[in-house]
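Trainee: Quick one: this structure, given as structure tokens, is what I'll be asking you about.
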Amino acid sequence: MLVYKYMTLQGLDACLNQRTIRFTKPVNFNDPFDCAAAAEETAEGFDIHPVGSTNADKLFMIRNGIGILSLTRNPLNPLMWAHYGDNHRGGVIAIDTQEAGLECTEANIISASAGSVIYTTVRPSVEDDHLPLHHEITAQHDRLMLERLFLYKSLHWSYEEEIRVARRVHYTTQVGHQDFVVPSSAIKAVYLGAKYFHALIDDYEDQLPRVHLKHQKYEIYHCYQDSRTWDLNAEQYDLELPTA
């Protein structure tokens, strides 16, 4: 399965150089409701502290010990470009989930093919669940419980068309993510934003990475605005920098 990851230009450059993808802990998401199912002792919101064995305590540890890789089905979503592609100046990578190890149920609690986000108007509850500790969660746990923990999200975010992969990461409240190496063959294409070359032209001090100059095996596409609709289109790039 082919999925897509939106990135800033600096993030894209780091990903292509190091062949890594980043799993972020839910406590560091831009949505404070994310992976924060309703549980007892959460009347004050998200100030949950691991002081006991309640589901609220376990949720705190889960949100610090499980990493989420957020992906999407569509590389040409204008809202995604505006919000996660550095205002159309960044890029998108196309990832083969099988080659990247994102379908392995031994490495992942939720694999890409099972990670479609469920958008709802009601916040899920785990008050009646017997939650495991963060280091005990596996892909074999109850599917409905895993969905409530990791896949439910407010309907406000449905434009993202998100696919998630979840796996255990180092448990600490000090570091918000963990990077994992993927084979170079897993990256199939790179999409450059509609404002990518404009950003380079305005980069008088040459501080921005020149992703289009990297000679790799993946295909490179340049996005552009449709002249008649609200759509973004993409055409394959021939590695020649256009003039201003």
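The values are calculated or read from the model by the stated rules, or taken from the named source; none is laboratory data. This is a predicted model, so every value here is computed, not measured. Positions of Cβ are generated from backbone atoms using ideal geometry, with glycine treated the same way; all protein chains shown enter the neighbour counts. Note: areas computed on protein heavy atoms with side chains; ligands, DNA, RNA excluded. Shrake-Rupley method; radii C 1.70, N 1.55, O 1.52, S 1.80 Å.
Trainee: Would you check which residues across region 104-155 are at pLDDT 95 or above and among the hydroxyl-bearing types (Ser, Thr, Tyr) and list them?
Mentor: Correct list: Ser111, Ser113, Ser116, Tyr119, Thr120, Thr121, Tyr152, Ser154.
Trainee: Related question: Only one of (1) assigned to a strand (DSSP E or B); (2) open to solvent by 40 Å² or more (accessible area, probe 1.4 Å) fails for Cys223. Which number is that?
Mentor: All conditions pass for Cys223, except number (2).
Trainee: Right, next: Do we find a residue being touching a residue at least 60 places away in the same chain (Cβ under 8 Å), assigned to a loop (DSSP other than H, G, I, E, B) and surrounded by fewer than 17 Cβ atoms within 10 Å (Cβ to Cβ) anywhere in region 109-120? Step through it out loud before you land on a result.
Mentor: Here is the first cut: in region 109-120, the ones touching a residue at least 60 places away in the same chain (Cβ under 8 Å) are 112-113.
If we keep only those that are assigned to a loop (DSSP other than H, G, I, E, B) too, we end up with none.
So far as region 109-120 goes, no, none of its residues is touching a residue at least 60 places away in the same chain (Cβ under 8 Å), assigned to a loop (DSSP other than H, G, I, E, B) and surrounded by fewer than 17 Cβ atoms within 10 Å (Cβ to Cβ).
Trainee: Quick test of your reading of the structure: Asp31 fulfils all but one of (1) modelled with pLDDT of 95 or more; (2) in contact with a Phe, Trp or Tyr (Cβ under 8 Å, 6 or more places away or on another chain); (3) outside any helix (DSSP H, G or I); (4) over 23 Å from Leu133 (Cβ atoms). Name the failing condition by number.
Mentor: Evaluating Asp31 over (1) modelled with pLDDT of 95 or more; (2) in contact with a Phe, Trp or Tyr (Cβ under 8 Å, 6 or more places away or on another chain); (3) outside any helix (DSSP H, G or I); (4) over 23 Å from Leu133 (Cβ atoms) leaves (1) as the failure.
Trainee: Okay, moving on. Thr172 - would you say it is in a loop (DSSP other than H, G, I, E, B) and surrounded by 12 or more Cβ atoms within 10 Å (Cβ to Cβ)?
Mentor: no
Trainee: Do we have Ile163 as part of a strand (DSSP E or B), within 27 Å of Ala107 (Cβ to Cβ) and open to solvent by less than 60 Å² (accessible area, probe 1.4 Å) here? Step through it out loud before you land on a result.
Mentor: Values: part of a strand (DSSP E or B): yes; within 27 Å of Ala107 (Cβ to Cβ): yes; open to solvent by less than 60 Å² (accessible area, probe 1.4 Å): yes.
It is true that Ile163 is part of a strand (DSSP E or B), within 27 Å of Ala107 (Cβ to Cβ) and open to solvent by less than 60 Å² (accessible area, probe 1.4 Å).
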